[in-house]
Every structure is written in C-alpha cells, then in structure tokens.
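S.K.: Dropping a structure here in structure tokens format, bear with me for questions.
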C-alpha cells in the first residue's frame, strides 16, 4: 500500500510528516496542533513515534538549538485524531545543550510527556568511533516490498512509509521466525528524505519485533531516542531487536543508519504486551 | 578501597544506600533529603545514579506501586553534598502501572528531572524469554579486586561498591584496551544485597567504559533504566558497553544479571565527553 499516496510530492517536496507535526503558538500560552488520522496503527490510534515527533517539534520551537540529541517520551493514554494542546517548558539552558519538557493534552487529559535535550549536530564531529555496524542488506532495489498486496483498513501509517526487506517476513503469513531481530530498509513514502525531526517517529515506525515471537503486539510505555547525526538523503537501513520478554514487558532496540552508513538514531523502548 | 567500610553491617544489615536515599515529607508540599558525600565520583560531585535512585525513591513514596519498571532521568546541573528538595507529581495511574515525575532541587535550582513508570514485579512472570546471555565470568572468588591498592581521595563512591574482574583493566595502568566493553561482578560494599531500589544507582556505578577508549571521562546527560526483576541475593554480573562515539557524545549500555542469571536491569545513558 505504500509509495503512491497522492499526498506526497516525490523527492523534493513535502511529506505529510511536515504538515502533521506542525504546531501553532496559542494566545495565553502553550501551542495547538492537530493529530491527524494519517498515522494510525493496529489499535486504530495514532502511532506513538508520530506523537513524540509532533511533541518534540513543538518543544524545539521554544528552544534555540537546532537538533534533538536525546528524547524520552512516556505514553500515558492512547491519543486520537483530533486537536491537541501542547504545553512546553524550557528547563535548563547549558553551554552546549538545552533541556526542555513538553506535554501533549487531548480533551484536557495528558496523553504524552516528553523530555528532550537539544544541541547542534552540525558541530564538531571529530573523534567518531562506531563499533555498531549497519545491517548487511542487498540494495533496496534488489529487495522486496513486504507489504505488496497487504492492506489493513485503519492502518494508515503504512501509507506514509516504504519498507524493503530481503525476504518476506514469516509473521506476515502466520509463521513467526522466533528470531526477534528484523533488518530492513525504510523511508518516508514517495522517496521524501527524512530530516532529524523525523527520527523520533521512524524509530517507532517498523512492525513490532515481538511479532516474530508470535506475540500479537504491544504498547509503548516509554521510548528513548538518541539522535546521533543528520541523515543523508536516501534509504535508511534499520535494525530492530527485542532480547528480553518478562512479566508481560519487553524492550525493543531500534537503530537507524543513513545511506552513507552513518548511525543517525539509536533508540530503545519499554513496551507492554497485549 | 572497598569492602571494609565501618558504615556497613555485613550481609543482613543496612548499607549507607538505604540511609542516603531516604526523604521526608515536607510541610507545605514536596519532600526533603540530604545528598551525602558518600557517593562522589572523579569530579567531586555525587554520582548521577545515586541522585536518580534518591529521586525515584522519593517518587515511589507518593506512588502506590512497589517497583520502578522504567525510569528516565535528565541531569541538568551537577549536584553537591547537602540538602535537597524533591518535588513529586503522580502523573497518570493506569490499570497495571502508574507514571510519575520527580524534580530534585538544590539551592532553588533544579539538578535532576526524572520520570518513571511503576508497577509490580512480583506479578505474572510467565513467558520469560531472554536472548541476552549474562557475561561468562569466573566465580567472584576466582576474580581479583581491580581496585586493590587503588585510592583516589574524593572518590567516595569506591567505598560503597565492590568490583571483581577476571583481570586488571588496562585503563587503570594507562593502557586502555580500545575495546569498549567491560564485564565484571559488582555488589554493594560489605556484601549487602541490592534491592530493586538500588538498580537505578548500580547501572551508573561502574567505571565509564569510555576509559577503555582512552577518553578521560564523560558526564551523563540522560539515563534510562529498565528494571526487569527483583534481584536475588549475591553478586551481580554486569556488562557495560559503548558502541558509538560522535560529536563529543556517546551512549553507554549497562546490563545487570543477578546470581541466578536473571536479567534485573537494562540501561542506556547518553553522555557528553569531557
């Protein structure tokens, strides 16, 4: 279902992500935004990473640093498409970084609370040392679209993202691999290049790895994202992994490398199995 | 320097951790506590994990769930030994979990802001599935105390913790291994058994792995801790690793298994190199 949405201007234009993560200053304090219906997941509710990206974007408007470096969001209630109010707070301005907090409310109830430290990723990049190798994937055009022929009404998120995988994932056909690691290519639909602001969304935009263990799905309790670099244009190589499931909870690690092989985001979430 | 502190009642008694992470309700709202000088690190300031554990403990007093499940703390300013005021907020009570926030102030300035979701780790432990194997270490009594003969005045934290390593770490002798992974045993000094409340401290109580890369040290910006089980008595097996250093920042993952081989804590921090 991906890649042909008429709401995408291919390549250089705008992706709905830009429009749907915008917020406006409100007279009397705070900001307002619209949570749109273009990011819904299996539950029918908007994807958590989309809400987090929207909230962090609103906070960034109030902070004079360009890039989120580390973000932690706690998901308190499911959100719904519709209006939202964002309350932002600049907590501490340091020499190299500024930390702030943002709360997203719908109908007067807090759905998400996120704290983030911002800085400048264009600054000193000396001393880069990475031991985490990107996944070894065939080029995207030698991979397949795992969602070809797949449609689930209400799961609008799948119209916003394109995936490419070396082979068809087993869980799609009811045969979970029992290996809770997924490696794949991902990009915004239409080949739109993701900026830094999209990373807190994209780390939550893959299928839950727990599906490969035969679980039905899970809900994010907390999501931490380290934004390590501004992504170069092109497809993003992703690795998602769950190593520990206990007491009905699990973690999911999700790392993203850009087309030059640079790690751009490293995330971990704590989630509750359904 | 470890293991013989007279402030420890061996085995069954109290460790200074209990005393030093206590807080009292304050008339007019909030709580008060004393940040003691028994947890200082190289900078002379108290260890971040100690502050986080103190703050989470204060929050737990206001939340009717026994165990922190996931904690995220942002370190805003260095703290100092002395009085602190804690402001707590119960944000959202759900069916299985409750989320709250705590802020730690010294001299009117916010030094730490932490958000945490609490639950009950004694509940359903079915379906445990772990792919993350604990480090393969010789038994603690066949390991050495890497700090034997090592003393650094002002680094009082080392009197509160005991470490055991298979061999002497290279960085201690100015020969960093260039392999940014450390595996070792750890426990509270005097053989006192760590409870759940000590885990947000212990994940930050090892030497910074960046030392193995020849870096002088780093300061924690944000620390996320997943508490996965209540630890059994005995030594804790630890693995710390840094995989990515860029732009003067790095992550550090720190996982802890108890003496039965159960993963009890999984953490990641985002830190700024000095």
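S.K.: Do you know the relative contact order of chain A, to the nearest whole percent, from alpha carbon pairs under 8 angstrom that are 6+ apart? Mind dumping the intermediate values first?
M.R.: Details: 668 pairs, mean separation 54.8, N = 274.
Answer for chain A is 20 percent.
S.K.: If you average 1/r over all unlike Cα pairs in the protein assembly as shown and invert the result, what Kirkwood radius do you get in angstrom? Provide the component values of the computation, followed by the final result.
M.R.: On the way: mean 1/r = 0.0419 Å⁻¹.
This gives a value of 23.9 Å.
S.K.: Now, a different point. Would you kindly give the portion of the calculated P(r) for the range A:154-237 that falls above 15 Å, as a percent of all Cα pairs?
M.R.: On the way: 2214 of 3486 pairs.
The proportion of pairs with Cα distances above 15 Å equals 64 percent.
S.K.: What whole-number volume per residue, in cubic angstrom, does the convex hull of the C-alpha atoms of the range B:118-274 give?
M.R.: Hull volume normalised by residue count: 128 Å³.
S.K.: Say each of residue A:120 and residue A:175 gets a label point 7 Å from the Cα, pointing the same way as Cα to Cβ; how far apart are those two points in nm?
M.R.: Simple spin-label model gives 5.4 nm for this pair.
S.K.: Per q in 0.19, 0.21, 0.23 Å⁻¹, report the Debye log10 I(q)/I(0) for the range A:195-274, using one uniform scatterer on each alpha carbon and no solvent.
M.R.: -0.75, -0.87, -0.99
S.K.: At residue B:120, label 7 Å along Cα→Cβ: distances to the other copies, nm, ascending?
M.R.: Distances between equivalent label points, in nm: 5.2.
S.K.: Now a separate question. Quick one: order A:219, B:267, B:122 by neighbouring beta-carbon count within 10 Å, fewest to most. Write out the running numbers ahead of the final one.
M.R.: Details: A:219 16, B:267 23, B:122 11.
Starting with the residue having the fewest Cβ neighbours, the order is B:122, A:219, B:267.
S.K.: For the range B:213-256, which semi-axes, largest first and in whole Å, follow from the square roots of 5 times the eigenvalues of its Cα gyration tensor?
M.R.: Values: eigenvalues 133, 31, 15 Å².
Calculated on Cα positions only, the semi-axes equal 26, 12, 9 Å.
S.K.: Oh, and also: What nm distance separates the two modelled labels at residue A:141 and residue A:90, each placed 7 Å from Cα along Cα→Cβ?
M.R.: 4.7 nm
S.K.: Among A:103, A:92, A:228, which one shows the highest mean-square fluctuation when chain A is modelled as a Gaussian network with alpha-carbon springs under 10 Å?
M.R.: Residue with maximal mean-square fluctuation among A:103, A:92, A:228: A:92.
S.K.: Can you give the angle from 0 to 90° between the axis of helix A:48-61 and the longest principal axis of chain A, with both taken from C-alpha atoms, to the nearest 10?
M.R.: With rounding to tens, the tilt is 30 degrees.
S.K.: Okay, moving on. Whole number please: convex hull volume per residue of the Cα set in the range A:60-112, in Å³? Please report the intermediate quantities before stating the final value.
M.R.: Working: hull volume 4.8 nm³, N = 53.
Dividing the Cα hull volume of the range A:60-112 by its residues yields 90 Å³.
S.K.: State, to one decimal in nm and shortest first, how far the label point of residue A:142 sits from each corresponding label point in the other identical copies (label point: 7 angstrom along Cα-to-Cβ).
M.R.: Those label-point separations list as 4.6 nm.
S.K.: For chain B, count the residues as N, evaluate 2.2 N^0.38 Å, and divide the Cα radius of gyration by that value, please.
M.R.: Values: Rg = 17.9 Å, N = 274, 2.2 N^0.38 = 18.6 Å.
In units of the globular-protein estimate, chain B measures up at 0.96.
S.K.: Could you pull the copy-to-copy label distances for residue B:217, with points set 7 Å along Cα to Cβ, in nm to one decimal and sorted shortest first?
M.R.: Nearest first, the other copies' label points are 4.8 nm away.
S.K.: Per Stokes-Einstein, at 10 °C and 1.306 mPa s, what whole-number D in µm² s⁻¹ belongs to the range A:33-133, with the Kirkwood radius over Cα pairs as the hydrodynamic radius? Write down the numbers at each step before the final one.
M.R.: Working: Rh = 14.6 Å.
Once the numbers are plugged in, D ends up at 109 µm²/s.
S.K.: Go from 0 up to the bin containing the longest alpha carbon distance in the range B:71-202, width 10 Å each, and give me the % of pairs per bin.
M.R.: 9, 25, 32, 26, 9, 0
Where a number appears in this text, it was derived from the coordinates with a stated rule and is not lab data. The model shown is predicted, which means the values in this text are computed figures rather than measured ones. Note: ideal-geometry Cβ built from the backbone for every residue, glycine included; neighbour counts use all protein chains shown.
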